């Protein structure tokens, strides 16, 4: 599902600004052309919500590797 349909407009941009364009899983910079996703800090499968304070930016591959684990 596309980010633009699941979250309010601007959510990803606000997360990138909040976290200074750093992937919160690997710690590397998020560059404009990167495939970027919104990750749940507390996975939804473990009770996490879609609230802004439970979201963080992550590279797509990092998010896949993390899956539903806590980091």
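Bear in mind these aren't lab numbers, they're just calculated from the coordinates by the rules spelled out. The structure displayed is predicted, hence computed values, not measured ones. Counting neighbours? That spans all protein chains shown, and the Cβs are built from the backbone with ideal geometry, glycine included.
Quick look at the values:
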| read-out | value |
| --- | --- |
| Separation of the residue 69 and residue 20 label points, Cα + 7 Å toward Cβ, nm | 2.6 |
| Value of [θ]222 nm, deg cm²/dmol, for the chain, DSSP H segments ≥ 4, -39500 (n - 2.57) each, nearest 500 | -6500 deg cm²/dmol |
| Additional length obtainable on full extension of the chain from residue 50 to residue 33, 0.36 nm per residue less Cα span | 3.6 nm |
